[in-house]
Amino acid sequence: MKRIVAILILLLAVSFLSPVLLVKAGPTHIPHEDPSSAQSTMDPYSFLSQYAGILSLIANEQYDNASKLTAQLSHIMVPPDLSYIINRYNNITQQLIGTLSDLQTTLDNATSLLSQNRLNEASQALDNAGVLVARAQILLGDLQDATTTVSQQLGVFAAPAQSNIKQSYDTLQGLLQKLNDLINQYHLLLQSDNKQADIIRAKQLDSTQLSLSLNPTAAFVGATVTASGVLTSVGQVLQNRVVTLLLDGTQVASFNTNSNGQYFAVFSIPYNYVNKMTVQALYAPTSSYDKETYLAGLSTKISINILFYQTYLNVTTPGVAYPGLNYTVSGAVTSQDGSPVNQRAVKLLFDEKAVGQITTNQSGLFSIETMLSPQAEVGVHSLTISVDPEKLYAGVSKNTNLSVTQLTSKLNFNAPSFVFLPSTLHISGTANSASGPLRNALVTLEFANVSDTVLTTDDGSFNSTMNIPLSTIFAGTQNIKVSVLPAEPWQGSAQKNVGIFVLNSVSTAISLAASFSIIGVLYLRFAKSKTKKNKEKLVQDYYSVAAQTPATNDAGTPIKAEFKFEGVKGKVLEAYIKALRSIESLTGITLNKDMTLREFLHLTEHSLGNAVNPFTDLTLLAERALYSTHMPKEQDLLKAQSYADEIGRILNSENK
């Protein structure tokens, strides 16, 4: 026992001096989920509500906004088991948006064409609209089926009727019905336009013919071009009719025909720096008489070559920039023959936001110096350098990346290796970077739920005194965290942790007291256990003697060895031994020294018949007499003797 107590004291002493043994805030091994078996989940309410928003935009014919939102949702994380159906749902939605948008545009165009008696063009638009209506109906049916499938997969139908999930599902179903109504409206409009086209056909209006010639067919941007032609119908010239010139489908000029049905129009080539454009002449009846007499006339398309000078841009940009500091972008602007171009406006955009502008000098050179925003985030950003078009010269732009970073800061400080709470903690150190000491930098110190902030001096040094009170912190290593935040945005922050061994006077005393209490309890248990074992051994020795083959005297008569106990406890055990011998004789099973009384009971109970109950009670009394700290009383003795006598009677009667 002394050896055990000494070992426990030694372990407690080591625990107070070893931070490794004491600082154990949690399990040494934190279980984690195997990424290969991890399954992401999808929130049904979020999914349904987001798509309800999309369908609401579609139902209100806001196709551009709906398309953008659907494109954003295509990038969400989807569980593998739902990936196919979710992606299909998104694709069907996107296709439906595109189809309805095209259908709306086509029907509007058809209606406009019919109002101008442009029957041939309107007929083509109406045929296309019919295809789009049929496609929209098919896509809506696919979307309705996909909604049911997705809802089943997400467990929507198992949700309570009043839940947000079920309400969102009902909203989605209502919006699907609105989409069906919208398609029906488009279908009705298509039918109305087709009837209008039939009415125009029934009038058998006279067709018109419109010729077109251009001079020249190649021109610089900004130059003028002359268009001419003749408007006729059924071999007759149409005078004083309005002829409109369309450049890539946009009206650029309109003139009346003369008495010979001729028109002459002059228009300017816009500063649109493309290689080719198309010109077409249009006659659309405007007066009531013409609308009831003539169909619209449209000339053939004539291509015109657009001429301009190319602009070339060479730029030099920095690879790295620092928040709050200036950076320079320079370069040269030249024409397609390599000659410099002066007085050209050059713009600089950072993440598509203009941050600088300058014009080129006589040599076509430019240099833009600008300060990077102090709030610019560290990382890769886009730089765009653009040259605006100028008359005969086209514009040009170049995109590149700019890496925004900060200078690396270094932090050093001195801290004690040992603290006995309560204590005053003195910390001193320095902060600097590649550019030199960090002046007026904010230094934050945190230790044992106490914090302090100080500013660095001109040489980058700092000092802090922290009063660490008594706390619940137990003995062990605690980290002091020191971080520095420079005053200049181009300087990076830094942080450093250092372990300090801590002893807490109060918790240490409590721990020692608790430890000695544990030792005392262990000692008492050890002593009681030893006494109990001694008693048990004494009884087992007695059983061993009682169970041996009886000895004989000089005359050869068998005698039994006797082993007597004193007092009430001994008499209780004698009553048990009396019954024990009878049961051993009956069953042939012997209580050996390695067997407990309870084990002997279990081995023999199936052979005892009606004697099993009194023998069970007697066994309990014998165990209590052997192991309990309380001495048996006289009434316990009377019960034991009664049980022993009853066992004897039952066994004798059953053996007759």
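Taken together, the values in this text are just the output of simple stated rules run on the coordinates, not laboratory data. All of these numbers come straight from a predicted model, not from anything done at the bench. Positions of Cβ are generated from backbone atoms using ideal geometry, with glycine treated the same way; all protein chains shown enter the neighbour counts.
With the highest mean first, a sort of the peptides 568-574, 339-345 on other beta-carbon atoms found within 10 angstrom per residue produces 568-574, 339-345.
The tail of the calculated P(r) for region 266-345, taken as Cα-Cα distances beyond 20 Å, holds 66 percent of the pairs.
Placing a pseudo-label 7 Å from each Cα along the Cα-to-Cβ vector at residue 645 and residue 612 gives an inter-label distance of 2.6 nm. Our coupling estimate for region 349-366, obtained by passing each phi through the Karplus curve with A = 6.51, B = -1.76, C = 1.60 and θ = phi - 60°, is 10, 10, 6, 6, 10, 5, 10, x, 8, 7, 10, 6, 8, 4, 8, x, 9, 8 Hz, Gly and Pro reported as x. Backbone phi angles across region 581-594, fed through the Karplus curve with coefficients 6.51, -1.76 and 1.60 (θ = phi - 60°), yield HN-Hα couplings of 5, 5, 5, 4, 5, 6, 8, x, 9, 10, 7, 8, 6, 8 Hz in residue order; Gly and Pro are listed as x. Working note: Debye formula, equal point scatterers on the alpha-carbon atoms of region 316-467, no solvent; log10 I(q)/I(0) at q = 0.14, 0.18 Å⁻¹ is -0.78, -1.02. Remark: C-alpha extents of region 408-451 on the principal axes read 40, 18, 14 Å, sorted largest to smallest.
Taking the Cα centre of region 311-404 as origin and charging only Cβ (+1 Lys, Arg; -1 Asp, Glu), how large is the dipole, in debye to the nearest 20?
Values: 5 positive and 7 negative charges, 24 e Å.
Using only the charged Cβ atoms, the result is roughly 120 debye.
Note on region 564-655: Cα-only Rg and Dmax are 12.5, 39 Å. Between region 402-430 and region 190-235, the alpha-carbon centres lie 83 Å apart. Equivalent-ellipsoid semi-axes for region 209-307 (Cα gyration tensor, √(5λ), whole Å, largest first): 26, 12, 11.
Starting from the Cα-Cα distance between residue 434 and residue 624, subtract it from 0.36 nm times their residue separation and give me the gain in nm to one decimal.
Details: separation 190, 0.36 × 190 = 68.40 nm, distance 8.30 nm.
So the chain would gain 60.1 nm between residue 434 and residue 624.
Peptides 108-117, 389-398, ordered by how many other C-beta atoms sit within 10 Å of their residues on average, highest first, read 108-117, 389-398. Proximity of backbone amide H atoms, modeled 1.01 Å from N, is registered between residue 359 and 346 at under 5 Å, excluding neighbours fewer than 5 places apart on the same chain. Ordering 616, 606, 570 by the projection of their Cα atoms onto the charge dipole of region 564-655, which places +1 on the Cβ of Lys and Arg and -1 on the Cβ of Asp and Glu, puts 570 at the extreme positive end.
Phi-derived couplings, Karplus 6.51 cos²θ - 1.76 cosθ + 1.60 at θ = phi - 60°, listed residue by residue for region 157-168: 6, 8, 6, x, 4, 8, 6, 4, 5, 5, 5, 5 Hz, with x used for Gly and Pro. Applying 1/(1 + (r/R0)^6) with r as the Cβ-Cβ distance of residue 477 and residue 390 and R0 = 56 angstrom yields a FRET efficiency of 0.20. Pairwise Cα distances in region 143-192 exceed 18 Å in 43 percent of cases. Divided by 2.2 N^0.38 Å, where N counts the residues, the Cα radius of gyration of region 44-203 comes to 1.22.
Listed peptides 438-444, 421-427, 126-132 appear in the order 438-444, 126-132, 421-427 once ranked by packing, highest mean of other Cβ atoms within 10 Å at the front.
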